[in-house]
Amino acid sequence: MSRINPVTHTAPRTKGKYRLLILDGHESHHSTEFELYCRQNNSITLCMPPHSSHKLQPLDVGCFGPLKQAYGRQIEDLMRAHINHVSKLEFLCAFREAFFATMTEKNIRSGFAGAGLVPYDPERMDQLDPDLVQRVNTKVSAVVERYLLDDQDLTPKNTRKAYGPKQAEWMEWCKSRFPEIPPGWPAQYQIGKALPGHLVDEGKLVLFLDEEIASRAPKRGKRRKAETQRLKTEGRQKRRKRESPFSTGAADEIVVGGGPAKDSDSKSEPDLDNMDPDPVSATGTSTLKLQYSTVRLYSSAIINLYAQQKTRGENPAPHPNGLAKKALMRHILRETACRSRNEWADRILNTIKDGYSPAKVPEHTAAAWRFSD
């Protein structure tokens, strides 16, 4: 058993982490030791239902049946030659003739086609007993769910924490814009139309990122804090300028009969020192947008949801990482780079690392020599 390493033998044709090994379920082929060995090598074992190998296994469909008939004809020829006892020598000669007559490339290809494997044809399963088909589908669904749960358990905690809220937000967004998944899905699937419910396709993903995510202002972070501080500072400067006695404004009114003078044209402005600590959230005038890395994290979370739907057989759409989605991400990357240039600030200014320019090298050198004396 250790001589057959599934990782080594299937590496050139494997996509993903796991391999699928289909067995006929006989106890001589499937043991506890073998199951543990497969799990250690990321191999998923799937046993076919009893009495179904003559329809599901390509050799049984296209090769073993003709081989049995050809061997029977060889034995009939021996009986016509008055050879009634078949010894090992006669058996080997008869089997050799039958084997080379039936194990041909044409029969082998026909076996895979007859089993509905190559080319893929799930309608071949309709020739089986409906109860058997139902049992097969139930087993496939169970083994898929088992390893999907296993994959979620092995996913790093930080990844689950990052993907969870974003996938929940996608669910709520789809619920408010698209109809629910109809019964019998995906039989009603039509190419070019948006998928129902929370199913992921490229068009829905591009719309979600463009309308909901790319234009959204960040809720926290250094950029949001700096913008809040800037707006508060500008508000204080405007208020001081308005309250200054040297400011140019409307002429003072003289009130006859006492009472304070009132400026009928002045408009009251909110006290920024006593208002909401985040004036951006109160006024909704933030000019910031989410960075490219945040939008890409949303995209990765939704594509991960698509992979789960594809594995369960719920989503018939092609992969959403198509031309439109790539063009959107390149556009967001260019906008992020442009904003970064406009919002750039020299964080080293007036710090211990400041001043090491070529023009100041002689000054620092002279200071170092003075300290050394």
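The values are calculated or read from the model by the stated rules, or taken from the named source; none is laboratory data. In this text the structure is predicted, and so the values were computed from the model without any measurement. Positions of Cβ are backbone-derived with ideal geometry, glycine not excepted, and every protein chain shown enters the neighbour counts. Note: accessible area is taken over every heavy atom of the protein model, side chains too, but ligands, DNA and RNA are not part of it. Shrake-Rupley method; radii C 1.70, N 1.55, O 1.52, S 1.80 Å.
In whole Hz, what ³J(HN,Hα) sequence does the range 225-232 give by Karplus (6.51, -1.76, 1.60; θ = phi - 60°), x for Gly and Pro?
Computed from phi, the couplings for the range 225-232 are 5, 5, 5, 4, 5, 5, 5, 5 Hz.
Using 1/(1 + (r/R0)^6) with R0 = 25 angstrom and r between the beta carbons of N321 and R109, what's the FRET efficiency to the nearest 0.05?
Numbers: r = 34 Å, r/R0 = 1.36.
Efficiency computed from Cβ-Cβ geometry: 0.15.
Can you work out D for the range 177-250 in µm² s⁻¹ from Stokes-Einstein, where Rh is the Kirkwood radius over C-alpha pairs, the temperature is 20 °C and the viscosity is 1.002 mPa s?
So the translational diffusion coefficient is about 123 µm²/s.
Using r as the Cβ-Cβ distance of L36 and T311, and R0 as 22 Å, what FRET efficiency do you calculate, to the nearest 0.05? Before the final figure, lay out each step's value.
Details: r = 24 Å, r/R0 = 1.08.
Calculated transfer efficiency: 0.40.
Between L78 and H29, with labels modelled 7 Å along Cα→Cβ, what's the label distance in nm to one decimal, could you check?
Reported label-point gap for L78 and H29 is 2.8 nm.
Hey, can you find the accessible area per residue of the range 90-204 for me, probe 1.4 Å, expressed in square angstrom?
Working: 7950 Å² over 115 residues.
Counting only protein heavy atoms, the per-residue value for the range 90-204 is 69 Å².
Taking 0.36 nm per residue of sequence separation and subtracting the Cα-Cα distance, how much length would be gained by fully extending the chain between V143 and E335, in nm to one decimal?
On the way: separation 192, 0.36 × 192 = 69.12 nm, distance 4.46 nm.
So the extension gain works out to 64.7 nm.
To the nearest 10 Å², what's E314's accessible area with a 1.4 Å probe?
Solvent-accessible area, nearest 10 Å²: 70 Å².
Under 5 Å between amide H atoms, partner at least 5 residues away or on a different chain: which partners does L21 have, H built in plane at 1.01 Å?
I44, T45, L46
Determine the alpha carbon to alpha carbon distance for each of K204/K325; K15/K310; K175/K204; K166/K222 and list only those over 19 Å. List each step's numbers first, then the result.
Details: K204/K325 10 Å; K15/K310 14 Å; K175/K204 12 Å; K166/K222 22 Å.
Beyond 19 Å between Cα atoms: K166/K222.
Taking the Cβ-Cβ separation of Q229 and R370 as r and a Förster radius of 41 Å, what is the calculated FRET efficiency to the nearest 0.05?
After rounding to 0.05, the efficiency reads 0.55.
Figure the gain on full extension for S215 and V86 (residue separation times 0.36 nm, minus the Cα-Cα span) and round it to one decimal in nm. Let's see the in-between values first.
On the way: separation 129, 0.36 × 129 = 46.44 nm, distance 8.34 nm.
Stretched fully, the S215-V86 segment lengthens by 38.1 nm.
Less than 18 Å apart at the alpha-carbon level, and either on another chain or at least 8 residues along: which lysines does that give for K88?
In chain and number order, the partners are K68.
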